Amino acid sequence: MDQEGPSPMSLPEGAIVLPPSGGRRYEMGALWAVFKADKAETKERYSLSEWWLKPYTEGPGAHSHESNDESFYVIKGRPEILVGEAWVPLQKGAFVRIPAGVMHDFRNTTDRDAGLLNMFIPGGFERKMPAIVKWFAENR
């Protein structure tokens, strides 16, 4: 009999296996995030998440992180990423690294969904997600 993967009982301690939609989901209207690995799972060394945008959706707004680097990998669509003062159009498979202290944002200006894989180094960003979700609910 074929199995989709190893049973959780046979995984080494600390290993994570999730189905495609697995993870902790944070809804922000036409924008949502799914955190795949963070917190104690990574000993806060990094946070790995997917960010999804419906068509014509703005991201979280221009911001920077004082002591955290971020990387984005486009998994679907044609989003744009703000890097410093420049909006950069991307396509599936594109990669962007944002050093600590650099202003950035992302958005989807197309008529199709867009998705970004995000790595936040070091971790800990997930602690901010409840406040971010609340802000979106109150302001957008």
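The values are calculated or read from the model by the stated rules, or taken from the named source; none is laboratory data. Not measured: the values here are computed from a predicted model. Backbone-built Cβ (ideal geometry, glycine too); neighbour counts: all protein chains shown.
Check PRO19, PRO60, PRO12, PRO55 and return the single one that is within 13 Å of the chain's Cα centre (by Cα), part of a loop (DSSP other than H, G, I, E, B) and surrounded by fewer than 19 Cβ atoms within 10 Å (Cβ to Cβ).
PRO60
Could you say whether any residue in region 63-76 is over 20 Å from LYS134 (Cβ atoms), modelled with pLDDT of 95 or more, surrounded by fewer than 14 Cβ atoms within 10 Å (Cβ to Cβ) and more than 11 Å from the chain's Cα centre (by Cα)?
no
Would you mind finding the one in GLU58, GLU80, GLU44 that is of a type in the set (Asp, Glu) and under 14 Å from LYS128 (Cα atoms)?
Among GLU58, GLU80, GLU44, only GLU44 is of a type in the set (Asp, Glu) and under 14 Å from LYS128 (Cα atoms).
Pairs needed: first member in region 122-140, on the phi > 0 side of the Ramachandran plot; second member anywhere, surrounded by 10 or more Cβ atoms within 10 Å (Cβ to Cβ); C-beta distance under 6 Å; at least 6 residues apart or different chains.
GLY124/GLU44
Inside region 94-108, can you point out the residues that are closer than 15 Å to TRP51 by Cα and either assigned to a loop (DSSP other than H, G, I, E, B) or charged (D, E, K, R) (or both)?
ALA94, ASP105, ARG107
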